[in-house]
Amino acid sequence: QVQLVESGGGLVQPGGSLRLSCAASGFTFSNYSMSWYRQAPGKERELVAIISFGGSTSSADSLKGRFTISRDNAKNTVYLQMNSLKLEDTAVYYCKVHYRLQQYWGQGTQVTVST
């Protein structure tokens, strides 16, 4: 079955960097677009970035220049490089795939930006 497992979250100071990973299994990874979302406390889940199966990327306007999505099809893994982190980037980060008319989510990884 489809499984998505995020990792790489943690506590970081403002201005710091983190790289999140999402390991996928249960489907032909290279054939599907992947996306990252985040959900801050008390807020709705929001789209962070998308990468197509061909490698084209798109990200939220507010995050362009700081967050970069990438993928390694040989490792069935999608990444989110986050630089210049701000307090407001604190959230649970999720990866998602839309596979055969269903959306599959990972369990999420907590990112906390704090002094």
Of all residues in segment 52-107, which are among the aliphatic types (A, V, I, L, M) and assigned to a strand (DSSP E or B)? I69, V78, L80, M82, A91, V92, V97
Of these, V12, V113, V48, which one is within 27 Å of Q1 (Cα to Cα) and among the hydrophobic types (A, V, I, L, M, F, W, C)? V48
Of the numbered conditions (1) modelled with pLDDT of 95 or more; (2) closer than 21 Å to S114 by Cβ; (3) over 10 Å from the mean Cα position of the chain (by Cα); (4) surrounded by fewer than 17 Cβ atoms within 10 Å (Cβ to Cβ), S56 fails exactly one; give the number of that condition. (2)
Collect the residues in segment 18-29 that are farther than 14 Å from T109 by Cβ and open to solvent by less than 60 Å² (accessible area, probe 1.4 Å), keeping them in residue-number order. A24, S25, G26, F27, F29
What are the residues in segment 34-53 that are more than 18 Å from K86 (Cβ to Cβ), open to solvent by 50 Å² or more (accessible area, probe 1.4 Å) and in contact (Cβ under 8 Å) with a residue 40 or more places away in the chain, if any? R45
Could you count how many residues in segment 77-98 are over 14 Å from the mean Cα position of the chain (by Cα) and crowded, with 18+ Cβ neighbours inside 10 Å? 1
Out of the residues in segment 1-15 that are assigned to a loop (DSSP other than H, G, I, E, B) and under 16 Å from Y104 (Cα atoms), which is least open to solvent (accessible area, probe 1.4 Å)? V2
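The values are calculated or read from the model by the stated rules, or taken from the named source; none is laboratory data. Since the model is a prediction, treat every value here as computed from it, not as a measurement. Don't worry about glycine lacking a Cβ; one is built from the backbone with ideal geometry, like all the others, and counts go over all protein chains shown. Protein only, heavy atoms only, side chains kept; ligands, DNA and RNA dropped before computing areas. Shrake-Rupley method; radii C 1.70, N 1.55, O 1.52, S 1.80 Å.
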